[in-house]
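The next block holds one structure in the form of structure tokens; read it before the comments.
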Amino acid sequence: MRALHSPDAVADATPDLLPRWASQALLAAHPAPGGAAWEHGGAVGVLAPGLNRRERLVLAGPPEGIAAILHDQARAHGPDLNPLVPDELAAPVTALVPDVVAWAGFGWMESTGPLPSAPGVRWLRDGELDQAEALLRKVNPNAYVVPREPGARRWAGAHVDGELVAVGADAWSAPHVGFVAGVVTHPDFRRRGLSKALCSFVVHALLAEHPACALMVDRENDAAITVYRGLGFRYRGVTILLPAEVAAARPPRRR
């Protein structure tokens, strides 16, 4: 098993954007220590503590290589680990690792652009972040990122008559993959194209700095998936794997 020590090394080992995104855990500036990555049999695994609020082991590549990395890391980290694999690899991997099951899943959407920016959206100033946080907690109390938390680099907002009504963040971006998170629109201002404009603005900025851009979405959120597809994003399902006894004791969750 070959250790990979940087995001560039991970990018050289795999074209898959999931482990490339997780490779930010190898940076000294990552908020949580202990990030590591490996290549084995053409597969890549990235251990990313604290990434987007989870202890994640992100895996991609041939199932045999994934199974070897997963077996090695499961022994070291136990039930706190949240292994992620693309949906199409869940069945072959669980067939090779009998005590692991597919537990839950979510959507991963990615784009390499290009995408034009949008008028009427701008980056928020520090003094506006309290308003952004209040809007997030009102619309989505379970948001995976809020202002001033680790991982959030900057927040964009759309205003109507001076009121902040839609926000989204450049958060948990990696050197090779920009990341969009925390996108919400006030319920009274939906169906006006504000979410699409806000995402266009953020994604345009991210693609100017990164070769690709990605985001996570709940599988059941058809409206959001439609918006992101309209912006050129491609949908991929991602499966969370867990030991069978752990999965049986946990209620399914989102990401």
Handout entry: Criterion violated by Asp12 - all others in (1) part of a helix (DSSP H, G or I); (2) without any contact (Cβ under 8 Å) to a residue 40 or more places away in the chain; (3) within 18 Å of Leu242 (Cβ to Cβ) satisfied
Key = (3)
Problem - Only listed residue being touching a strand residue (DSSP E or B) at 6+ places or on another chain (Cβ under 9 Å), open to solvent by 10 Å² or more (accessible area, probe 1.4 Å) and under 22 Å from Gly105 (Cα atoms), chosen from Gly65, Gly61 - result: Gly61
Problem - Residues (in a strand (DSSP E or B) and either hydroxyl-bearing (Ser, Thr, Tyr) or modelled with pLDDT under 95 (or both)) located in the stretch 75-105 - result: Asn82, Pro83, Val100, Val101, Ala102, Trp103, Ala104, Gly105
Practice task
Filter the stretch 176-189 down to the residues that are surrounded by fewer than 18 Cβ atoms within 10 Å (Cβ to Cβ) and in contact with a helix residue (DSSP H, G or I) (Cβ under 9 Å, 6 or more places away or on another chain), then identify the one that is farthest from Arg153 (Cα to Cα).
Solution key: Pro187
Problem - Checking Arg54 against (1) closer than 17 Å to Thr239 by Cβ; (2) open to solvent by less than 50 Å² (accessible area, probe 1.4 Å), the condition it does not meet - result: (2)
Practice task
Within the stretch 174-223, count every residue that is in a helix (DSSP H, G or I) and touching an Asp or Glu at 6+ places or on another chain (Cβ under 9 Å).
Solution key: 4
Practice task
Report, ordered by the first and then the second residue, all pairs with beta carbons closer than 9 Å, sequence separation of six or more or different chains, a first member in the stretch 145-156 that is within 11 Å of Arg125 (Cβ to Cβ), and a second member that is open to solvent by less than 10 Å² (accessible area, probe 1.4 Å) and of a type in the set (Asp, Glu).
Solution key: Arg154/Asp170; Trp155/Asp170
Handout entry: Matching entry among Gly230, Gly237 (being among the small types (Gly, Ala, Ser) and modelled with pLDDT of 95 or more)
Key = Gly237
Problem - The listed residue being surrounded by 20 or more Cβ atoms within 10 Å (Cβ to Cβ), touching a strand residue (DSSP E or B) at 6+ places or on another chain (Cβ under 7 Å) and among the hydrophobic types (A, V, I, L, M, F, W, C), out of Leu164, Leu136, Leu115 - result: Leu136
Practice task
Please find, among Asp80, Asp126, Asp130, Asp72, the residue that is touching an Asp or Glu at 6+ places or on another chain (Cβ under 8 Å) and surrounded by fewer than 15 Cβ atoms within 10 Å (Cβ to Cβ).
Solution key: Asp80
Practice task
Go through the residues of the stretch 30-45 one by one and say whether even a single one is under 20 Å from Val246 (Cβ atoms) and assigned to a strand (DSSP E or B).
Solution key: yes
Practice task
Take the residues in the stretch 1-44 that are hydroxyl-bearing (Ser, Thr, Tyr) and farther than 18 Å from Met216 by Cβ, then tell me which one is surrounded by the fewest Cβ atoms within 10 Å (Cβ to Cβ).
Solution key: Ser6
Completion exercise
Residue hits (the stretch 146-173; among the β-branched types (Val, Ile, Thr) and in a loop (DSSP other than H, G, I, E, B)) are Val146
Handout entry: Filter result for Leu47 (over 22 Å from Gly237 (Cα atoms) and crowded, with 17+ Cβ neighbours inside 10 Å)
Key = no
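Each row is one residue, and each column tells you yes or no for (1) open to solvent by 60 Å² or more (accessible area, probe 1.4 Å); (2) within 16 Å of the chain's Cα centre (by Cα); (3) more than 22 Å from Ala104 (Cβ to Cβ); (4) touching a residue at least 24 places away in the same chain (Cβ under 8 Å).
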| position | (1), (2), (3), (4) |
| --- | --- |
| Ser200 | no, no, yes, yes |
| Cys213 | no, yes, yes, yes |
| Asp222 | yes, no, no, no |
| Leu242 | no, no, no, yes |
| Val246 | no, no, no, yes |
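The values are calculated or read from the model by the stated rules, or taken from the named source; none is laboratory data. Note that the coordinates shown come from a computational prediction; the quantities given were computed from them, not determined experimentally. Every residue, glycine as well, gets a Cβ built from its backbone with ideal geometry; the counts of neighbours run over all protein chains shown. For the accessible areas, the whole protein counts, side chains as well, though only heavy atoms, and no ligand, DNA or RNA atoms are used. Shrake-Rupley method; radii C 1.70, N 1.55, O 1.52, S 1.80 Å.
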